[in-house]
1. Taking the condition of being in contact with a Lys or Arg (Cβ under 7 Å, 6 or more places away or on another chain) and among the polar types (S, T, N, Q), how many residues in the range B:141-184 meet it?
2. What is the one condition in (1) open to solvent by 10 Å² or more (accessible area, probe 1.4 Å); (2) more than 14 Å from ligand 1 (Cβ to nearest atom); (3) of a type outside the set (F, W, Y) that B:T105 does not satisfy?
3. Limited to the range B:56-112, what total is found for residues that are more than 14 Å from the chain's Cα centre (by Cα) and assigned to a helix (DSSP H, G or I)?
4. Tell me the residue from B:P113, B:P124 that is within 16 Å of ligand 1 (Cβ to nearest atom), modelled with pLDDT of 85 or more and not aromatic (F, W, Y), please.
5. Pairs under 9 Å by beta carbon, first residue over 18 Å from B:I115 (Cα atoms) in the range B:129-146, partner within 16 Å of ligand 1 (Cβ to nearest atom) and open to solvent by 80 Å² or more (accessible area, probe 1.4 Å), six or more apart or different chains?
6. All but one of (1) in contact with a helix residue (DSSP H, G or I) (Cβ under 8 Å, 6 or more places away or on another chain); (2) within 16 Å of ligand 2 (Cβ to nearest atom); (3) at pLDDT 75 or above; (4) open to solvent by 10 Å² or more (accessible area, probe 1.4 Å) hold for B:I5, so report the exception by its number.
7. Are any residues in the range B:81-102 within 16 Å of ligand 1 (Cβ to nearest atom) and open to solvent by less than 30 Å² (accessible area, probe 1.4 Å), and if so, which ones?
8. Those residues that are assigned to a loop (DSSP other than H, G, I, E, B) and surrounded by fewer than 18 Cβ atoms within 10 Å (Cβ to Cβ), I need them from the range B:19-39; list them, please.
Amino acid sequence: MTDSEPDVLSGLRVRPYMVTGGRTRSVVELPLETIVRVTPEGQKAAGTLNLEPRQIVELCHQPMSIAEVSAHLRLHLQVAKVLVGDLVHSGHVATHSATADATDRPDLQLLERVLDGLQSL
Amino acid sequence: MNNPIPVKIVVAGGFAVGKTTFVSAISDIEPLTTEAAMTKVSEGIDDFGDAKTKKSTTVAMDFGRVGLSDELVLYLFGTPGQDRFHFMWDELVRGAIGACVLIDTGRIDQCFPAIDYMENAGVPFIVAINAFDGMLRHHPEDVREALDLPRHIPVVVTDARHRAAVRDTLVALVRHAMTMAHAT
Ligand SMILES: Nc1nc2c(ncn2[C@@H]2O[C@H](COP(=O)(O)OP(=O)(O)O)[C@@H](O)[C@H]2O)c(=O)[nH]1
Ligand SMILES: [Mg+2]
């Protein structure tokens with residue numbers, strides 16, 4: 001955004017606001033644990049995409065969270081969100097999260113399943 | 001894994017209290033790191049000095065992943081306790097099952113910001129004493145008193161290096177979250 005930022009953001013592979021064309025907010029609000037997975041359209045189109053979107057599409061053959069996308073590609077979390085948001089919009093990836101409304105806490109039924117899962121570890 | 005539903009738990013606490021150790025003890029993967037930035041206009045006295053200069057703060061979070069079943073994946077986010085990182089906590093606690101606030105009884109005051117935050121945000125949380133080297137310097141009930149915690153908040157003893165202890169701590173949190181969900 002301003003030229004005072006690269007210092008603070010050093011160590012990251014790309015400057016966030018360059019990759020996302022100055023936008024810092026995604027159209028859809030995606031929580032960082034949102035699972036991203038490539039769609040059949042995304043698989044077909046991968047070769048035509050720009051570097052970062054292509055890497056995301058390739059990475060998400062294995063469904064993974066936006067946080068993981070961000071870590072693996074060394075993208076700032078906000079940048080990963082914007083890029084994933086764009087890919088959702090273009091139909092190249094699909095996302096899902098635990099609750100329809102991200103502000104909700106998991107309900108009892110889901111907590112029950114988490115408990116069962118933990119106890120069987 | 002097909003389309004696992006993601007759930008998350010926040011692991012909060014002061015510097016070097018064992019958050020990353022706790023996450024890696026149970027994670028299926030080596031903990032990963034993601035960075036988030038906040039750009040803000042500093043107001044008056046701030047970490048960076050000058051008023052009205054645009055500065056950005058970066059916070060790095062370690063996280064791990066625990067597959068609970070084919071349909072369920074648990075993410076554990078370890079996050080530093082300083083007040084200036086609260087912008088990240090808002091996002092982390094949104095939709096979270098709850099938080100484990102890790103404490104080292106030698107430096108109990110380090111967890112105050114995390115506890116205040118979780119209480120104010122209405123996030124289900126438990127306090128987990130990381131018994132460094134199996135040494136429990138203070139009894140959990142003494143810790144509860146020192147922290148002025150209400151009776152319904154569990155205080156447990158854990159060992160951040162051991163998978164089973166970490167699992168039991170997470171179980172205690174999920175049970176507490178279930179009690180809270182029943183209550184509302
Ligand atoms: N002896 C001992 N060392 C621990 C324990 N928990 C964490 N540590 C060590 O304390 C240091 C800080 O732990 P870390 O997990 O990085 O803390 P964080 O800053 O909260 O993420 C590391 O060197 C750990 O190996 C413990 O229970 N016993
Ligand atoms: Mg750490």
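1. 0
2. Every listed condition holds for B:T105 apart from (2).
3. Number of matching residues: 7.
4. Numbers: B:P124 fails: within 16 Å of ligand 1 (Cβ to nearest atom).
One residue alone meets the criteria, B:P113.
5. Close Cβ pairs satisfying both conditions: B:A131/B:R137.
6. (2)
7. Those that are within 16 Å of ligand 1 (Cβ to nearest atom) and open to solvent by less than 30 Å² (accessible area, probe 1.4 Å): B:G81, B:F85, B:M88, B:W89, B:L92, B:A99, B:C100, B:V101, B:L102.
8. First, the residues of the range B:19-39 that are assigned to a loop (DSSP other than H, G, I, E, B): B:27-31.
Scanning the range B:19-39 gives B:D28, B:I29, B:E30.
The values are calculated or read from the model by the stated rules, or taken from the named source; none is laboratory data. Note that the structure is predicted; figures quoted are calculated from it, not measured. Methodologically, a virtual Cβ is constructed for each residue, glycine included, from the backbone with ideal geometry; neighbour enumeration extends over all protein chains shown. What goes into the accessible areas is simple: the full protein's heavy atoms, side chains included, and nothing from ligands, DNA or RNA. Shrake-Rupley method; radii C 1.70, N 1.55, O 1.52, S 1.80 Å.
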